[in-house]
1. Do the conditions hold for THR109, that is, is it in contact (Cβ under 8 Å) with a residue 12 or more places away in the chain, over 30 Å from THR262 (Cα atoms) and either more than 11 Å from ligand 2 (Cβ to nearest atom) or in a helix (DSSP H, G or I) (or both)?
2. So, in the range 321-370, of the ones that are β-branched (Val, Ile, Thr) and more than 16 Å from ligand 2 (Cβ to nearest atom), which residue ends up surrounded by the fewest Cβ atoms within 10 Å (Cβ to Cβ)?
3. Can you tell me which residues in the range 114-140 are part of a helix (DSSP H, G or I) and within 19 Å of the chain's Cα centre (by Cα)?
4. Hey, among ILE167, ILE76, ILE86, which residue is more than 10 Å from ligand 1 (Cβ to nearest atom) and either out of contact with any strand residue (DSSP E or B) (no Cβ under 6 Å at 6 or more places or on another chain) or not in a strand (DSSP E or B) (or both)?
5. Applying the selection to the range 175-194, what residues are assigned to a strand (DSSP E or B) and touching a Gly at 6+ places or on another chain (Cβ under 9 Å)?
6. Within the range 189-221, work out how many residues are closer than 30 Å to ASP356 by Cα and charged (D, E, K, R).
7. Can you tell me which residue among ALA141, ALA82 is in contact (Cβ under 8 Å) with a residue 60 or more places away in the chain, within 15 Å of ligand 2 (Cβ to nearest atom), out of contact with any His (no Cβ under 6 Å at 6 or more places or on another chain) and small (Gly, Ala, Ser)?
8. Going residue by residue through the range 208-228, is there one that turns out to be assigned to a helix (DSSP H, G or I), buried (at least 18 other Cβ atoms within 10 Å of the Cβ) and modelled with pLDDT of 95 or more?
Amino acid sequence: MDFNFTEEQLMIQDVARRIAREKIAPSAESFDRSGEFPLENIRLLGENGLMGIEVPTEYGGAGMDPIAYVLAMVEIAAGDAAHSTIMSVNNSLFCNGILTHGTEEQKQTYVRAIAEGREIGAFALTEPQSGSDATAMRCRAVKQADGSYVIDGKKSWITSGPVAKYIVLFAMTDPEKGARGITAFIIDTDREGFHRGKTEPKLGIRASATCEIEFSGYVARAEDVLGAEGEGFKIAMSVLDAGRIGIASQAIGLARAAYEATLEYVKERKAFGQPIGAFQMTQAKIADMKCKLDASLLLTLRAAWTKGQGKKFSTEAAVAKLTASEAAMWITHQTVQIHAGMGYSKEMPVERYFRDAKITEIYEGTSEIQRLVIARGETGIR
Ligand code: CAA
Ligand code: FAD
């Protein structure tokens with residue numbers, strides 16, 4: 001086992017860390033307050049290869065491996081979680097989905113602009129009545145005699161929905177077949193029949209724009225189908241396996257930022273004549289934070305490594321996401337507690353870390369769904 005990173009991996013980590021410290025962290029508070037989409041910063045990430053880290057260079061990406069992706073995501077999330085949400089959808093849901101399941105023509109047409117950060121991608125699975133139970137979707141794509149499909153229906157909570165140029169959409173083509181009746185499509189949001197709803201006001205990751213989208217008579221051509229008809233659910237699930245590595249990395253980055261703020265504060269802040277870091281109760285919290293952070297990072301690197309080996313990694317990704325997101329929630333909670341009054345104030349980023357952490361336990365499969373995926377994998381019982 002080799003715990004050293006390659007030169008290439010360290011290089012992208014360094015690029016991401018520099019952008020996070022110089023551009024993202026200083027603007028995070030203002031984007032959180034306004035809820036504005038950080039377009040300029042996203043373009044900068046794209047120019048530096050961070051919007052398509054695993055995308056081969058011939059399609060406009062950085063051509064790196066899943067470990068490089070984890071390292072870069074951690075750094076960007078430590079700067080601001082909302083930026084890392086946008087980055088993660090572009091990388092692991094949009095680009096990865098098309099690279100893994102798309103035709104050569106689809107890769108050429110749709111991946112480059114997103115990997116270079118010139119356009120934004122999105123992934124639309126959830127509907128108002130179906131989140132965890134994704135196969136209960138109602139969005140319909142009805143095949144026409146000429147091989148095209150007419151799409152009608154709604155998708156909700158779509159990250160980057162307000163700004164996306166292209167979307168990987170999942171719709172029911174044969175409701176009687178359940179999961180096997182779902183098909184994936186690549187949507188061009190400039191075409192007729194596509195509508196965006198209002199941007200959702202959210203608890204955290206406020207600069208990551210989220211909205212409902214609606215299709216009314218949208219015509220998808222036969223060449224807009226991603227993979228084969230009826231393969232959509234498997235595509236969604238396998239793409240989400242990779243996505244969960246990204247969200248685990250996000251959780252680690254934002255938890256690390258909270259941890260680093262805590263390490264500084266416990267040395268500065270005094271009570272009863274000593275730094276609060278001298279109290280054993282504070283020390284126990286710091287030790288537990290460190291253990292949870294290290295465990296999360298190692299499990300996430302294991303998932304990324306397994307993916308890089310071309311092996312099945314559903315369980316490893318779910319273990320990483322579950323551990324890292326619950327660690328992030330716990331660590332940011334303790335960070336607020338240790339900062340006490342200042343932890344509750346908007347004058348420090350600590351309260352933002354706490355609000356941002358919660359989403360990692362919800363999207364790309366709730367913690368309950370990660371437990372379900374892990375237990376099914378371990379027992380074989382469905
Ligand atoms: N890879 C490939 N195929 C898979 C798979 C995987 N990881 N997991 C399941 N499948 C296949 C199964 O083998 C099965 O195939 P067959 O029909 O050939 O047997 C088919 O998919 C159906 O599987 P299940 O019976 O296990 O499906 P289910 O209805 O019980 O659901 C679930 C399983 C794990 C709960 C799934 O619905 C799930 O993950 N739900 C959570 C949804 C989710 O994560 N949404 C995220 C939306 S995107 C997002 O959130 C982005 C963002 O925030 C930024
Ligand atoms: P529900 O599925 O209604 O779950 C409600 C509760 O029941 C949860 O606690 C859940 O864990 C529990 N539960 C459900 N089923 C089970 C079970 N079998 N066993 C035990 N407990 C269970 N979706 C997209 O498609 N694309 C996106 O880009 C996207 N971005 C998002 C961004 C944000 C900010 C948010 C909040 C959501 C986003 N989502 C996106 C949707 C997200 O993936 C769903 O919210 C999530 O999968 C949960 O679905 P739900 O909210 O409908 O909850």
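1. Working: in contact (Cβ under 8 Å) with a residue 12 or more places away in the chain: no; over 30 Å from THR262 (Cα atoms): yes; either more than 11 Å from ligand 2 (Cβ to nearest atom) or in a helix (DSSP H, G or I) (or both): yes.
Answer is no for this residue.
2. Step one: of the range 321-370, the residues β-branched (Val, Ile, Thr) are 323, 331-332, 335-336, 338, 350, 359-360, 362, 366, 369.
This time we only want the ones that are more than 16 Å from ligand 2 (Cβ to nearest atom), so: 323, 331-332, 335-336, 338, 350.
Numbers: THR323: 22, ILE331: 28, THR332: 31, THR335: 27, VAL336: 19, ILE338: 25, VAL350: 23.
Here the answer is VAL336.
3. Keep residues of the range 114-140 that are part of a helix (DSSP H, G or I), which gives 114-115, 134-136.
Within the range 114-140, ILE114, ALA115, ALA134 qualify.
4. On the way: ILE167 fails: either out of contact with any strand residue (DSSP E or B) (no Cβ under 6 Å at 6 or more places or on another chain) or not in a strand (DSSP E or B) (or both); ILE86 fails: more than 10 Å from ligand 1 (Cβ to nearest atom).
None of the others qualify; the one that does is ILE76.
5. Taking the range 175-194 as the starting set, the residues that turn out to be assigned to a strand (DSSP E or B) are 182-188, 194.
Across the range 175-194, the qualifying residues are ILE182, THR183, ALA184, PHE185, ILE186.
6. 7
7. Details: ALA141 fails: within 15 Å of ligand 2 (Cβ to nearest atom).
When all the criteria are applied, what remains is ALA82.
8. Checked against the condition, which is being assigned to a helix (DSSP H, G or I), buried (at least 18 other Cβ atoms within 10 Å of the Cβ) and modelled with pLDDT of 95 or more, the range 208-228 yields at least one hit.
The values are calculated or read from the model by the stated rules, or taken from the named source; none is laboratory data. Quick caveat, the model's predicted, so the values are computed rather than measured. A quick note on method: Cβ atoms are made from the backbone with ideal geometry, for glycine too, and the neighbour counts reach across all protein chains shown.
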